[in-house]
Every structure is written in structure tokens, then in C-alpha cells.
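Input: a single structure, listed below in C-alpha cells.
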């Protein structure tokens, strides 16, 4: 029985850029993310989190339940 993997095979790509081009690319990327609204940034973070969960867990992790008993003095 063959085991299927959820990972895609991606060919490695190497690109050479001058340092000036790299600084410009970083500036463009920074400006791109600064132009997004907080809601858009949260949506992107949630999308990345979902992708991570799908790759690393068979089921969705759940919150652990924590119970704390507090003894109080009677009033």
C-alpha cells in the first residue's frame, strides 16, 4: 500500500540580484504590508496558520481545558 504525501515537489530556483535590487525589493515588500488594513493582515496570518496546521497535524489541535479550584473564605 503506497503512502501519499501532502507535500508538492517544487523545483529549487536560484536568482542573483544586486544588493541595490534587494534593498529595493525589501522596501517594496515593506510598503506593500504597511498598506494593508489590520483586518487584511489578520486574514493573512490566519491563512498561514491554517496552512501550517494542515502540514504538521493530522487533526486540528484543540485548546487544552484547564480547571482551577479556588477556595474562598465564607462571607
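Per this entry, residue 40 is not counted among residues that are exposed (fewer than 10 other Cβ atoms within 10 Å of the Cβ), assigned to a helix (DSSP H, G or I), at pLDDT 85 or above and out of contact with any strand residue (DSSP E or B) (no Cβ under 6 Å at 6 or more places or on another chain).
Scanning segment 57-74 for residues that are at pLDDT 75 or above and over 18 Å from residue 46 (Cβ atoms) yields a count of 10.
Take the residues in segment 6-27 that are surrounded by fewer than 10 Cβ atoms within 10 Å (Cβ to Cβ) and not in a loop (DSSP other than H, G, I, E, B); name whichever of them is modelled with the highest pLDDT. Only one residue tops the list, namely 20.
The values are calculated or read from the model by the stated rules, or taken from the named source; none is laboratory data. The shown structure was predicted, so the numbers you read here are calculated from the model rather than taken from an experiment. With ideal geometry, Cβ positions are generated from the backbone for all residues, glycine too; neighbour counts draw on all protein chains shown.
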